[in-house]
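Here's the structure we're looking at; comments come further down.
Rule-based calculations on the coordinates, nothing more; no lab input. Worth saying up front: this structure is predicted, and the values here are computed from it rather than measured. So basically every Cβ, Gly included, is an ideal-geometry build from the backbone, and we count neighbours across all protein chains shown.
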Amino acid sequence: MTAPSAPISPDALKTLVGQAALRYVRAGEIVGVGTGSTVNKFIEALASMKDQIAGAVSCSKASTERLQALGIRVFDANAVEKLAVYIDGADEIDQQGYMVKGGGAALTREKIVAALAEQFVCIADASKLVDSLGAFPLPVEVIPMAAAQITRRFAALGGQAQLRLKDGQPLVTDNGQHILDVRGLRINQPLAFETEVSQWPGVVTVGVFAHQKAQVCLLGTAEGVRTIAY
Ligand code: 5RP
């Protein structure tokens, strides 16, 4: 009788999907690179292709440092008109490819770079796949002077917004702004929700990625990488 195989760790699942994402990177191109622990695995894997690609557009100081440390050239987003592919993780992804992102506070730059890309490939472990968005506290980047009124607007929708802290102080994003994390929302209509909240004065970026949804999700499961095309 063979012994049951050990469960695959979340870290190993991230490595699997990070490597699988290389299939979507085309030689000669600039690739869009997101932020987070899963993307870090992709960046490690991308080192094996560094002489074949032109470089990357990055969504955070952290990813930029990792890319440059591996010898991958990082382009300013303004220098690029279009990207063939953008690779990033998610905090939640649903059956339509709509996502909640921003757990790593990089949502604004992530949305900007995703908007340059023809294809968003989401890399995630199976725990991120959900039936409907909203269990993960929704990150919203805000101009600090608008935080209280945005908090009241979310309360009117049944959400409890909390200022994200780091070392006891409000976290300051790469863009110099703050993050509200909103609990208690059920986001049943992601497109309409994103459109509505994006219009509130003082909202820089809402962490619902519906207009910039994923076209492909590479999901790390106990059985291996499952590819979901939307
Ligand atoms: C950062 C993000 C990340 O993609 C998201 O938080 C997932 O991160 P991880 O791969 O570490 O679970 O949106 O702003």
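Quick rundown of the values:
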item	result
Residues listed by number, the range 44-60, amide nitrogen under 16 Å from Arg73 label point at 7 Å toward C-beta	49-58
CD proxy at 222 nm, helix term only [per DSSP H run n ≥ 4: -39500 (n - 2.57); per residue of the chain; nearest 500]	-7500 deg cm²/dmol
Percentage relative contact order, the chain, counting C-alpha pairs under 8 Å, at least six apart	22 percent
Set of lysines near Lys41 by C-alpha distance (under 20 Å), chain-local residues within fewer than 8 positions excluded	Lys14, Lys50, Lys61, Lys101, Lys128
Unit charges on C-beta of K, R, D, E only; dipole of the chain, Debye	120 debye
Residues with amide H under 5 Å from that of Val57, placed H, sequence gap 5 or more	Val31, Gly32, Val33, Phe75
Amide proton proximity set for Trp200, modelled H, under 5 Å, gap of 5+	none
Packing rank of 89-97, 222-230, 171-179, where each peptide gets the mean count of other beta carbons within 10 Å, highest leading	89-97, 171-179, 222-230
Euclidean distance between Cα centres, the range 146-221 to the range 77-103, Å	15 Å
For the range 138-207, radius of gyration divided by Kirkwood radius, i.e. Rg to Rh on alpha-carbons	0.95
Sequence ranges 115-122, 73-80, 181-188, ranked by mean other-Cβ count within 10 angstrom, highest first	115-122, 181-188, 73-80
The chain: radius of gyration over Cα atoms, expressed as a fraction of 2.2 N^0.38 Å	1.02
Ser127-Trp200 FRET efficiency (beta carbon distance; Förster radius 41 Å; 0.05 resolution)	0.85
Under Karplus coefficients 6.51, -1.76 and 1.60, residue-wise ³J(HN,Hα) of the range 52-58 in Hz, glycine/proline x	9, 9, 6, x, 9, 10, 10
